[in-house]
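Written out below as structure tokens is the structure these notes cover.
The values are calculated or read from the model by the stated rules, or taken from the named source; none is laboratory data. Predicted model only: the values in this text are computed from it and were never measured. As a convention, Cβ positions derive from the backbone with ideal geometry for all residues, glycine included, and neighbour counts pool all protein chains shown. Each accessible area value is taken on the protein alone, full model and side chains, heavy atoms only, with ligands, DNA and RNA left out. Shrake-Rupley method; radii C 1.70, N 1.55, O 1.52, S 1.80 Å.
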Amino acid sequence: MSGIEVITFGCRLNTYESEVMKAQAEKAGLNNAVVVNTCAVTGEAVRQARQAIRRARRDNPHARIIVTGCAAQTEKQTFAAMPEVDAVLGNEEKLSSASYRSLPDFGVSAQEKLRVNDIMSVKATAPQMVRHIDGHVRAFIQVQNGCDHRCTFCIIPYGRGNSRSVPMGAVVDQARRLADSGYREIVLTGVDATSYGGDLPGAPTLGVLAKTLLKQIPDIRRLRLSSIDSIEADAHLMDLIADEPRFMPHLHLSLQHGDDMILKRMKRRHLRADALRFIAEARRLRPEMSFGADMIAGFPTETEEMFGNAARLAEEAGIAHLHVFPYSPRPGTPAARMPQLDRSLVKDRAARLRATGHRLHQSHLDGMVGTRQWLLVENNGLAHTENFTLVAAAGLRPGELVPATITGHNGKHLDMQLTAAAA
């Protein structure tokens, strides 16, 4: 092979950072290399990364293989010990061209492969400028990194460090650059995006940042948030939901569960009633608002009644896009030391919760039929509505914004008929 191939796992923040990494590696003169940007959220994500590394070595026997990302940060020795791996870069190091210039030669020891610092020592997130997000018609912008909270199931703070925000001016500059490049939709990303600004002068909030972007950059047609913690939603964010048509009517929530005792054992900062109250208020302000949510099935000590509360929360909230994770113990987290459930029971509950999510998604699709929507056409023959529902859009040019009437669905995505722009 020639050039640099980046294999990305995990969140939208990783997708954005992969573009930065590729640019920095090219700036350093790296060639004939595969960079694997890993995720540490679950044990399965780590397993998939290891599998991808072995496949990359088989397919590219003479290329350098560099492993980075959250799993490389939290399990650096695991990846350094793999014979297929030539270097391991931490989450801070992966964004610097100097890291790619100082890579070790082939055949070094596991210790010499490592370029991973103490992520907790990182106190700021440097702005990273990109003009293009490869393979995507929506542009992602990192506004925040790290997390100050310590949910008992989560390893990510140890992979990302403490919360730190990108200065607002740098975010505006990046958004303007991407809008000038033709992106119609911009997605703000972060590990704990709703904590944005707490470490900046004047402590601007995520809502203030979003308002500023839309005011200063009229060419942003659609602004979306990747994921939020609803307990941190500020008044400015609620204003956008109520009054700003360019702010998309879809929020992905970090709910994690629907039983108060499990939420406390997870060290979440909200209770069941808090989540339902936020969703009801957002829908009152914007009736077309749809919601996605992350939920964990089979958390340690979860009883059948507690599991039922989680499923009922999804139903009461009408979660249209439910992302279900079977609980995966992450070494070094408090939850890994709690009494564990049998793995077969965890998998069974995850399957049942996914079935609930499937029913809710079908109901959501049913409710979309007959509505008029503006669609952003993706690269794969599909499009997204403003409330993030998939629509079949074969033959349309990626990146286009087109008006359509929803005529039906096939259980997975909506069908549509194009309409006049004035409709």
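Each of Ala293, Phe307, Pro331 was scored by the projection of its Cα onto the charge dipole of segment 279-335, and the greatest displacement toward the positive side belongs to Ala293; charges sit on the C-beta of Lys, Arg, Asp and Glu.
Here the accessible area of the chain is 51 percent carbon and sulfur, with a 1.4 angstrom probe and all protein chains present. Close amide H pairs (under 5 Å, H built 1.01 Å from N) link His250 with Ser290, residues at least 5 positions away or on another chain. Solvent exposure of the chain, expressed per residue, is 41 Å² of accessible area, with all protein chains present and a 1.4 angstrom probe. Taking 0.36 nm per residue of sequence separation and removing the Cα-Cα distance, the Glu305/Lys264 pair yields an extension gain of 13.2 nm.
Amide H contacts of Leu382: Ala393, each under 5 Å away and 5 or more positions distant or on a separate chain (H built 1.01 Å from N in the peptide plane; Pro and chain starts excluded). Grab the beta carbon distance between His358 and Ala81, set R0 = 25 Å, and tell me the FRET efficiency rounded to 0.05. That gives a FRET efficiency of 0.05.
Couplings for segment 146-160, taken from phi via the Karplus curve 6.51 cos²θ - 1.76 cosθ + 1.60 with θ = phi - 60°, read x, 7, 8, 8, 10, 4, 5, 9, 9, 9, 4, x, 7, x, 10 Hz in order; Gly and Pro are left as x. Think of each Lys and Arg Cβ as +1 and each Asp and Glu Cβ as -1; about the Cα centre, that makes the dipole of segment 298-423 roughly 320 debye. By the Cβ rule of 4.7 Å, the chain holds the following cysteines without a possible disulfide partner: Cys11, Cys39, Cys70, Cys147.
For segment 251-343, a crude dipole built from +1 on the beta carbon of Lys and Arg and -1 on the beta carbon of Asp and Glu, taken about the Cα centre, is about 420 debye to the nearest 20. Protection proxy ranking of 89-100, 187-198, by the mean of other Cβ atoms within 10 Å over each peptide's residues and highest first, is 187-198, 89-100. Quick one: of Lys27/Lys76; Lys211/Lys264; Lys94/Lys264; Lys27/Lys211; Lys22/Lys76, which pairs are farther than 27 Å apart, Cα to Cα? Check vs 27 Å cut-off fails for Lys211/Lys264; Lys94/Lys264; Lys27/Lys211. Charge dipole (Cα centre; +1 on Lys/Arg Cβ, -1 on Asp/Glu Cβ; no other charges) of the chain amounts to roughly 440 debye. For Leu322, the shell of other residues with beta-carbons less than 15 Å away shows a net charge of +3, using +1 for Lys and Arg and -1 for Asp and Glu. Projecting the Cα atoms of Leu30, Ile406, Gln216 onto the charge dipole of the chain, computed from C-beta unit charges around the Cα centre, puts Leu30 farthest toward the positive end. Taking Cβ atoms as reference points and 11 Å as the exclusive limit, the residues near Thr405 contribute a net charge of 0, counting Lys and Arg as +1 and Asp and Glu as -1. Backbone phi angles across segment 297-308, fed through the Karplus curve with coefficients 6.51, -1.76 and 1.60 (θ = phi - 60°), yield HN-Hα couplings of 9, x, 4, x, 6, 5, 8, 4, 5, 4, 4, x Hz in residue order; Gly and Pro are listed as x. What separates the Cα centres of segment 349-371 and segment 181-197 is a distance of 27 Å.
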